[in-house]
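Reviewing the structure listed below.
Every number here is computed from the coordinates shown, using simple stated rules; none is lab data. Source: prediction; values computed, not measured. Neighbour counts run over all protein chains shown; Cβ positions are idealised from the backbone, glycine included.
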Amino acid sequence: MPAKKKTPAVVKTSAAKTTTPATKTPATKTPATKTPAAKTTEATRTTKATRTTKTPATKTPATKTPATKTSAAKAPAAKAPAAKASVAKTAKAPAAQRVAAKPESRTALVRRARKINRELAEAYPYAHPELDFENPFQLLVATVMSAQTTDLRVNQTTPGLFAKYPTPEDLAAANPEEVEELIRPTGFFRAKTRSIMGLAKALTEEFGGEVPGRLEDLVKLPGVGRKTAFVVLGNAFGRPGITVDTHFGRLVRRWKWTDETDPDKVEKAIGELFPKSEWTQLSHHVIFHGRRICHARKPACGACPIAPLCPAYGEGETDPEKAKKLLKYEKGGFPGQRLNPPQSYLDAGGVPAPPLGGTIG
Ligand code: SF4
């Protein structure tokens, strides 16, 4: 069992994955090409350690193996993440290298995509919608308000809004200037006031003050597109949906799950790779990963649990120590976006966001 450090549990998991020295693994059975790797979570670390004990220390090419990078020249061995044992068992080259090197069959793509989702589920077992809500109306309004801002800022703003206007009828009858003042911190507050009041009016007049639970009804509401509709269906009604936001689109293209850029086409393409029952949770996993590790500008490849499966490994920082510094939210040891996160997130060491103007306790 690799001797690793004292970082907070969640942070430790990512770091462990990329830094665990193979040389510490006393193994005797597995061929050298089956490079070992440390696993992501504390819980699974033990299991992995058992696996790695099968690797011959003499044959393992150092701590610094496998460049999951397409070009070996671009990926200095010391910076490459250790390939996971389960991946390395399948071939001599790390998966990412193989994926990038030649066209991938449909079957291989489906397998790789599902494996990535399983790995992400291990990395983010508590993945959840990051908007605070207590009912479908609140989630719908919060989702509309989340355009061009963070979920954190919306969560810090909606408690005041919903305290004053708890129902669609209340919001529809509100004084627009008062609503504007309440939601000002989220930016574009005039346009957002028009949107959420228009939404509240439509709910009141056409749906009896209730949020409809069908896609075809939701998308008829003013300001509600498929993305917003799927957020509401998936999280407030338990109906599977894929949420193609900016993170989701960026990551699935990095992973070569699709080349599509139109959100509706992305949604369709990805929906064909996974069973419908996995769509909602898949969306959370991918969005969590995009927010915490695989950022738009500086992906933290050196701290990424799915590096061996990613054709874009090396697009970001590959040095494990530098990559760790790029991690956000709980992976970086910081608060999350929800003031009232699910218990599973708190149990995993997640810290709730402070209220607007508040400080971290
Ligand atoms: S951070 Fe993103 S680009 Fe880098 S290896 Fe991970 S998934 Fe791939």
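When the Karplus curve 6.51 cos²θ - 1.76 cosθ + 1.60 is applied with θ = phi - 60°, which whole-Hz ³J(HN,Hα) does each residue of segment 324-331 get, with x for Gly and Pro?
4, 6, 8, 5, 10, 6, 5, 5
Mind putting a number on the dipole of segment 280-361 about its Cα centre? Charges go on the C-beta only, +1 for Lys and Arg and -1 for Asp and Glu, and I need it in Debye to the nearest 20. Before the final figure, lay out each step's value.
Details: 10 positive and 6 negative charges, 40 e Å.
That gives a dipole near 200 debye.
Search the structure for amide H atoms under 5 Å from the amide H of E317, placed 1.01 Å from N in the peptide plane, and list their residues when 5 or more places away or on another chain.
Those lying under 5 Å, H to H, from E317 are C301, G302.
What value in Å³ per residue do you get for the convex hull of the alpha-carbon atoms in segment 136-234?
With only Cα atoms used, segment 136-234 gives 81 Å³ per residue.
Over segment 136-234, calculate the relative contact order: mean separation of alpha carbon pairs under 8 Å at least 6 apart, over the residue count, as a percent.
With pairs under 8 Å counted, the relative contact order is 31 percent.
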